[in-house]
Amino acid sequence: LHRRAAAGHAALRLTGRSVAATPSRAVPVDERRDVVERIRGAGYTGAPVVAVHTGAGSTIRRWPVERFNAVLRSVGNRIGCLVLIDDQAAAPLEPPAGVPHLRWSGTLSGLKAMLSACDVLLCHDSGPLHAATAVGCRTVAIFGPGMDRWFRPQGAGHGIVIEEPMPCRPCFDRCIYSSAICLERIGVDRVSASLHEALNELASSSPSSVAGNLAR
């Protein structure tokens, strides 16, 4: 079972209350308004707003930052504003030349507000992935040692990039190799293709996208 489903079963048995199949969290209007103003102030152009987070609970779950940078260069001309979510444990991301951007750091509540104003989050199998799904942000998640059927984002419009087959998954962050081959084998082209697909889906439904609302 997906861990959300397992928790839902436990909640039903313990409390008699059922939980929604997909996560959902409302963001206070004033918090979202502040985020929107920051995005506009960064030079927002009207194209989709893309957030990137390179962090993960374990270094084994981290795809190389230089590959993230290569992905961003491949889609730079399609980004209206790039939100670089601070990760002090990794080298800083390099925004493509000419792409409006801002660097964000703050509280968990602030992170959810920021993600609620973004169209897509590019990230690892990590906490911000699930925060994004709860506030209505599409995700493209890179899975390494984590089991996707347990932790994949819930709901429509989300994509994952994962190397299969990988018989040693899940290793619970105790890799049996000198380095995490489950991530090393994921190339830039695959992640770029998944992000392009998310942007294409947004383009086909632009009237309801966050970027469309920001433009108004």
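How much of the DSSP beta bridge set in the chain is antiparallel, as a percent to the nearest 5?
Around 0 percent of the beta bridges assigned by DSSP in the chain are antiparallel ones.
What Kirkwood hydrodynamic radius, in Å, does segment 5-64 give when the mean of 1/r is taken over all pairs of distinct Cα atoms and then inverted?
15.9 Å
Sorted by average packing, counted as other Cβ atoms within 10 angstrom per residue and highest first, what order do 15-27, 115-127, 95-107, 69-81 take?
Ranked from most to least packed, the peptides come out as 115-127, 69-81, 95-107, 15-27.
Pull out the extension gain between V19 and A5, defined as 0.36 nm times the separation in residues minus the alpha carbon to alpha carbon distance; nm, one decimal.
Taking V19 through A5 to full extension adds about 4.1 nm, to one decimal.
Expressed as a whole number of Å, what is the distance separating the alpha-carbon centroids of segment 53-69 and segment 124-148?
If we compute the Cα centre of each part, the gap is 13 Å.
Quick check on the chain: what does the Kirkwood estimate of hydrodynamic radius come out to from the alpha carbon pairs, in Å?
Averaging 1/r across every pair of different Cα atoms and inverting gives 17.9 Å.
Coordinate-derived values only; no laboratory data. Everything quoted here is computed from the prediction, not taken from an experiment. With ideal geometry, Cβ positions are generated from the backbone for all residues, glycine too; neighbour counts draw on all protein chains shown.
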